[in-house]
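Working notes for the structure below.
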Amino acid sequence: MDINDLVARRVRTLRDAQGFSLAALAERSGVSRSNISLIERGQSSATATVLDKLSAALGVTVASLFEHSMPRAEPSPMARVAEQPVWTDPASGYIRRNLSPPGGALCDPAGRGGLPRGQARGL
């Protein structure tokens with residue numbers, strides 16, 4: 001599954017579960033209603049900043065936006081490479097791979113991130 005589609009489903013599912021309209025989530029998060037709509041339709045790749053704002057407004061971790069809704073039959077502390085969602089921040093090129101499966105045995109989700117080889121870090 002495409003990572004934008006995964007994030008789109010999770011944001012919409014979490015928003016619906018809490019009974020928030022697009023306008024209510026926009027007000028709580030500081031993200032425009034049109035941007036949230038584009039993200040939920042999978043037509044926009046959200047930046048790390050936007051995902052942070054949305055997750056805070058929804059009361060979840062950023063990592064949970066990358067989880068599949070369906071629980072796994074046998075939880076494992078690490079997900080297989082093919083099952084690890086990979087997300088790239090379109091503005092900076094930062095790449096994040098979620099190593100922990102949803103509902104896994106780890107208290108905190110494990111992840112790995114970094115910039116593509118050869119890309120300078122802005123300090």
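The values are calculated or read from the model by the stated rules, or taken from the named source; none is laboratory data. Just so it is clear, the structure is predicted and the values come from calculations on it, not from any experiment. Because the Cβ atoms are built from the backbone with ideal geometry, glycine has one as well, and the counts that use them run over all protein chains shown.
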Within segment 86-109, how many residues turn out to be at pLDDT below 80 and assigned to a loop (DSSP other than H, G, I, E, B)?
11
Counting only residues in segment 55-83 that are farther than 17 Å from residue 31 by Cα, modelled with pLDDT of 85 or more and of a type outside the set (Phe, Trp, Tyr), the one surrounded by the most Cβ atoms within 10 Å (Cβ to Cβ) is identified as 63
For segment 17-27, give me the residue count where each residue is charged (D, E, K, R) and at pLDDT below 95.
0
What are the residues in segment 4-30 that are within 10 Å of residue 54 (Cα to Cα), surrounded by fewer than 19 Cβ atoms within 10 Å (Cβ to Cβ) and of a type in the set (Lys, Arg), if any?
28
Kindly evaluate residue 33 against the criterion of being surrounded by fewer than 19 Cβ atoms within 10 Å (Cβ to Cβ), farther than 15 Å from residue 88 by Cα, modelled with pLDDT of 95 or more and of a type in the set (Lys, Arg).
yes
Hey, residue 46 under 23 Å from residue 100 (Cβ atoms) and exposed (fewer than 13 other Cβ atoms within 10 Å of the Cβ) or not
no
Going by the conditions given, is residue 37 under 17 Å from residue 5 (Cβ atoms) and either without any contact (Cβ under 8 Å) to a residue 24 or more places away in the chain or in contact with a Cys (Cβ under 6 Å, 6 or more places away or on another chain) (or both)?
yes
